[in-house]
């Protein structure tokens, strides 16, 4: 009986390890990618790499003071954000679709981990966009040189 338990545990850990490796290799596996916004049909390839649109959310108290994916400590009062693919340190202009308010944030974390969302903003960035009360907002992201 003990051997069967050990065998089950070994198979379970192997499956868990394989699942973890797959999720790291393909972070958006099964997710719908963000819809690119193109300025003109001829510049689709260039623009899709620089602009995307979708739903933004924000994170604050629960993660304040914790380590981010790039190793720094998250400060909800700084203009930072989490993005699933952009390099750490990338600056992104986030524009609220309804109010047309914008803020420039620096990517320092990974996320969001909710399907359909394109960026998680710090509390300070969410306040600049006036989206704190709603919690989420339709936004456009543009890389800043």
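The values are calculated or read from the model by the stated rules, or taken from the named source; none is laboratory data. Keep in mind that this is a model prediction, so the values were computed, not measured. We place every Cβ from the backbone using ideal geometry, glycine too, and count neighbours over all the protein chains shown.
Consider residue 138 carefully, then state whether it is at pLDDT 95 or above, surrounded by fewer than 17 Cβ atoms within 10 Å (Cβ to Cβ) and in a strand (DSSP E or B).
In short, yes.
Restricted to the stretch 47-72, and to residues that are assigned to a helix (DSSP H, G or I) and surrounded by 14 or more Cβ atoms within 10 Å (Cβ to Cβ), which residue is modelled with the lowest pLDDT? Write out each step before concluding.
Let us first name the residues in the stretch 47-72 that are assigned to a helix (DSSP H, G or I), namely 47-50.
Adding the requirement that they be surrounded by 14 or more Cβ atoms within 10 Å (Cβ to Cβ) leaves 47-48, 50.
Working: 47: 42, 48: 46, 50: 81.
So, considering only residues that are assigned to a helix (DSSP H, G or I) and surrounded by 14 or more Cβ atoms within 10 Å (Cβ to Cβ), the one modelled with the lowest pLDDT is 47.
So for the stretch 12-27 (the condition being surrounded by 10 or more Cβ atoms within 10 Å (Cβ to Cβ) and modelled with pLDDT of 95 or more), does at least one residue qualify?
Going through the stretch 12-27, the residues surrounded by 10 or more Cβ atoms within 10 Å (Cβ to Cβ) turn out to be 12-23, 26-27.
Now drop any that are not modelled with pLDDT of 95 or more, which leaves none.
No.
Which is farther than 19 Å from residue 63 by Cα and either under 13 Å from the mean Cα position of the chain (by Cα) or surrounded by 14 or more Cβ atoms within 10 Å (Cβ to Cβ) (or both), of 116, 111? Break it down into steps so the answer makes sense when it comes.
On the way: 111 fails: farther than 19 Å from residue 63 by Cα.
One residue alone meets the criteria, 116.
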